[in-house]
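Shown next, in structure tokens, is the structure this report addresses.
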Amino acid sequence: MPSRRSNAELNRARAAAFIFGAAAVVLVVPAASAYGEWQHALRYGWPGPYRSSIAEANGGETIFKAQVWGLMSLVVLAGAAVASGFAARTAGQRVWLVVLTGVIVTVAALAVVAVLLTPPLASSG
């Protein structure tokens, strides 16, 4: 007779997925903002050569903004990885596999959402 898991055991097993899902929801705006800033930097001529000193200044500012958004995203994603690792350990799952899978799926989903949410820039041609 197969053993049935209790609701508490099932909830512990699903906790890591819920944690990464919540992190993905929190990271939608930073991911879209970082992608949008990266698009602007490319439009200004990053990584160079720039058309003018103003374009270079704008490109530098834009890259700084993208780095800030990226750093904030990294902090949230690292927090989600740690929390899901504890949840996976509590549920008796392989921690490294849960964390690796969660990070890969979350980053891939955020990349797709960022591209979909960020309108393309008009060509400067």
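By how many degrees, between 0 and 90 and to the nearest 10, does the Cα long axis of helix 28-44 differ from the longest principal axis of the chain? Between the helix axis and the principal axis of the chain, the angle is about 20 degrees. Of the trypsin sites (Lys or Arg not before Pro) in the range 2-41, the ones in a loop by DSSP (not H, G, I, E or B) with at most 12 other beta carbons within 10 Å are Arg4, Arg5.
Highest mean first, the peptides 49-62, 71-84 sorted by other C-beta atoms within 10 Å per residue fall in the order 71-84, 49-62. Share of carbon and sulfur in the accessible area of the range 43-116 stands at 72%, probe radius 1.4 Å. Based on the reciprocal of the average 1/r between different C-alpha atoms, the Kirkwood radius for the chain equals 16.5 Å. Charge tally for Val98 (other residues, Cβ to Cβ under 12 Å; Lys, Arg +1; Asp, Glu -1): +4.
For the pair Arg4 and Glu61, label points projected 7 Å from Cα toward Cβ lie 6.3 nm apart. Helices in the chain, meaning DSSP H runs of at least 4 residues, each add -39500 (n - 2.57). Divided by all residues, the mean residue ellipticity at 222 nm is -28000 deg cm²/dmol.
Taking the 0 to 90 degree range and rounding to the nearest ten, how far is the long axis of helix 53-91 tilted relative to the main principal axis of the chain, both from C-alpha atoms? For helix 53-91, the angle is close to 0 degrees.
Rolling a 1.4 Å probe over the protein heavy atoms gives the chain an accessible area of 66 Å² per residue.
The values are calculated or read from the model by the stated rules, or taken from the named source; none is laboratory data. Values in this document were obtained by computation on a predicted structure and should not be read as measured data. Ideal geometry is used to build each Cβ from the backbone, glycine not excepted, and the neighbour counts take in all protein chains shown. These area figures cover heavy atoms from the full protein model, side chains too; ligands, DNA and RNA do not enter into them. Shrake-Rupley method; radii C 1.70, N 1.55, O 1.52, S 1.80 Å.
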